[in-house]
Amino acid sequence: MFLSLVDSFLFPVVCICCQQPWSYLCPSCKLLLTIHPEICPYSHKYSSWFRVHLDERSNKDNYLDWCIVAFRYDAIMKRLISTFKYYHRHHLVTFVAWQLALHIRTNQHLQACNHQNTLISRIPSHRWRKYFVKWYNQSEILAYQVWLELWLTCAPLTKKHKHTTAQARLTKEERTTNLLGSFSLSDDHLILKNKTHLLLIDDVTTTGSTLHTLASLIKEQFPHLCIRWVVVARNW
Ligand SMILES: [Zn+2]
């Protein structure tokens, strides 16, 4: 109780957009968030429930089956995502995770998902980045919160053993080589044997190359798996 009072004194709860007190995102600013249109992430054409168009998938040798994006990456969303680094702003993470869970619950193609056939996982970060640079892995925090909302099985599945340059800073050609040999399956990946759906949770993505690399690594071992990428926003 005392620590909580000190915390609220040092870090007063105000809206990240309009600075109104009592919540990290006030009801008025929540209404300004823009829902992302249902499109294929590669062709950018309308696609019901965010399914990747089959012709696009075969053309690009893509292993993702669906790409569910909750919001447009506008100014509010950009600020919201950047505040994830302050983990004590827990209500904000909870709100975003709740939105992702809502997208999963209401997607008619995910109605058959349950704790027996579906697994939630996060995008791994290298230990150096997690513990010494950023001090957190936002994908891990989100995946955990989504798991709390949905009570599906949650496991790490993959690990990153090479510290790489941030993908957004590289050219298209550099991005494809930057991640080579960076990821591997973790010890608990065998849990996928009995699963048919995988939901990879992330906050925001620009290039999609990390997701593509992870999906190809997983599908090599588990080709039967339907992999869905669930992100808060996509920065086109
Ligand atoms: Zn506000």
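Filter the range 23-49 for residues that are surrounded by 11 or more Cβ atoms within 10 Å (Cβ to Cβ) and within 10 Å of the ligand (Cβ to nearest atom); which is farthest from Asn235 (Cα to Cα)? In this case the residue turns out to be Ser23. Kindly establish whether Thr153 is modelled with pLDDT of 70 or more and surrounded by fewer than 11 Cβ atoms within 10 Å (Cβ to Cβ). For Thr153, the condition - modelled with pLDDT of 70 or more and surrounded by fewer than 11 Cβ atoms within 10 Å (Cβ to Cβ) - is not met.
I need a count of the residues in the range 197-212 that are outside any strand (DSSP E or B) and either surrounded by fewer than 23 Cβ atoms within 10 Å (Cβ to Cβ) or at pLDDT 90 or above (or both).
Initially, the range 197-212 is screened for residues outside any strand (DSSP E or B), giving 206-212.
Among the residues that remain, those that are also either surrounded by fewer than 23 Cβ atoms within 10 Å (Cβ to Cβ) or at pLDDT 90 or above (or both) are: 206-209, 211-212.
The qualifying residues number 6.
Across the range 1-22, the qualifying residues are those that are surrounded by 11 or more Cβ atoms within 10 Å (Cβ to Cβ), more than 8 Å from the ligand (Cβ to nearest atom) and closer than 22 Å to Gln99 by Cα, and the one among them that is modelled with the lowest pLDDT is Val13.
Just checking, how many residues over the range 27-56 are out of contact with any strand residue (DSSP E or B) (no Cβ under 9 Å at 6 or more places or on another chain), of a type in the set (D, E, K, R) and either assigned to a strand (DSSP E or B) or farther than 18 Å from His109 by Cβ (or both)? Steps first, please.
Narrowing the range 27-56 to residues out of contact with any strand residue (DSSP E or B) (no Cβ under 9 Å at 6 or more places or on another chain): 27-32, 43-44, 48, 53-56.
Among the residues that remain, those that are also of a type in the set (D, E, K, R) are: 30, 55-56.
Then keep just the ones that are either assigned to a strand (DSSP E or B) or farther than 18 Å from His109 by Cβ (or both); that gives 30, 55.
Total meeting the criteria: 2.
Number of residues in the range 137-165 that are assigned to a loop (DSSP other than H, G, I, E, B), closer than 18 Å to Leu180 by Cβ and under 16 Å from the mean Cα position of the chain (by Cα) equals 0.
The values are calculated or read from the model by the stated rules, or taken from the named source; none is laboratory data. Just so it is clear, the model here is predicted, and its values are computed rather than measured. Note that we place each Cβ from the backbone using ideal geometry, even for glycine, and neighbour counts take in every protein chain shown.
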